[in-house]
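This report refers to the structure that appears directly beneath it.
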Amino acid sequence: MIIGGLQKFSLLDYPGQVAAIVFTQGCNFRCPFCYNPMLVVPSMGGTKDIFESSSEEIQKSYSQFRPQGQLSEDDFFVFLKSRAGKLDAIVITGGEPTLHPDLTGFAARIKALGYKIKLDTNGTNPEMIEKLFLGNLVDYIAMDIKGAPEKYSRFTGDKDDLDKIRKSIIMIKGGRVPYEFRTTVVPAFTQTEDIDRMGGMIDGAETWWLQRFKSDTSLIDKDLENTDIPSDETMEEMRCRGLKYVKNCRLR
Ligand code: SF4
């Protein structure tokens, strides 16, 4: 696994669990409001675009460009063993973890140490999600709904992704494990009417979190930095609209 970072402790990222967060390197999206450009964009500290590369090329590229002090997979597992009894779970996030062909093996090693796993995904690799379900390698899944379907190309540039995203939604809503959908509300991209379009995509789902965009951090689109964030009123209006489609629509 190409590990881009590790947060050793979190009480916020996996509901009800004490967790560490492992960040995988690389993503097939370029969401303008992404908070982790260093994991995504090569010129901002990421590795060569891994989705134009074979597995071997990815590893070679990573070993050449990995910043000093960044974790190897072996070091990560040394850390996990040292936290036995202190952590309940590991959150695998990114970047986009499902694009790494060795994700199932990586998850199996984590599970073998007794940890639960939460996966964060943009939903573009339903085959990988299915493999994780079949192997009982994931205990909680959080999938992003980036925007109304007709706006997805602003993030992906690839029409095929929408079919894959819809497949992932159906699979996740099947309820093999607890799950949530989540949307970052960005004034420049998310209008109140978009809630209906996104709600239609996940109709009947259990939980949908609407997350207020943060602009006081490094973002992929520098022009979005320090721009306005949604007001409390807008967030609440969107939450009420969202409740037409899901059982729980929450704000964070
Ligand atoms: S999918 Fe996630 S990691 Fe990838 S660019 Fe978008 S916000 Fe960033």
If we scan the stretch 147-166, do we find a residue that is open to solvent by less than 30 Å² (accessible area, probe 1.4 Å), on the phi < 0 side of the Ramachandran plot, at pLDDT 95 or above and of a type in the set (D, E, K, R)? no
All conditions in (1) over 30 Å from THR104 (Cα atoms); (2) open to solvent by less than 70 Å² (accessible area, probe 1.4 Å) are true of GLY175 except (1)
The correct count of residues that are in contact with a strand residue (DSSP E or B) (Cβ under 6 Å, 6 or more places away or on another chain) and not polar (S, T, N, Q) in the stretch 14-32 is 7
When every residue in the stretch 24-40 that is near the ligand (Cβ under 6 Å from one of its atoms) and assigned to a loop (DSSP other than H, G, I, E, B) is compared, the one surrounded by the fewest Cβ atoms within 10 Å (Cβ to Cβ) is ARG30
The condition from (1) within 16 Å of the ligand (Cβ to nearest atom); (2) over 20 Å from the mean Cα position of the chain (by Cα); (3) at pLDDT 95 or above that THR184 misses is numbered (2)
The one condition LEU71 fails out of (1) of a type in the set (A, V, I, L, M); (2) more than 16 Å from the ligand (Cβ to nearest atom); (3) at pLDDT below 95; (4) out of contact with any strand residue (DSSP E or B) (no Cβ under 7 Å at 6 or more places or on another chain) is (4)
Turns out the helices (runs of 4 or more DSSP H) fully within the stretch 150-252 with at least 1 residues that are without any contact (Cβ under 8 Å) to a residue 40 or more places away in the chain and in contact with a Cys (Cβ under 8 Å, 6 or more places away or on another chain) are 232-242
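The values are calculated or read from the model by the stated rules, or taken from the named source; none is laboratory data. Note that this is a predicted model, so its numbers are computed, not measured. When we count neighbours, we look across all protein chains shown, and the Cβ atoms used for this are built from the backbone with ideal geometry, even at glycine. Heavy atoms of the whole protein, side chains included, go into the accessibility calculation; ligands, DNA and RNA do not. Shrake-Rupley method; radii C 1.70, N 1.55, O 1.52, S 1.80 Å.
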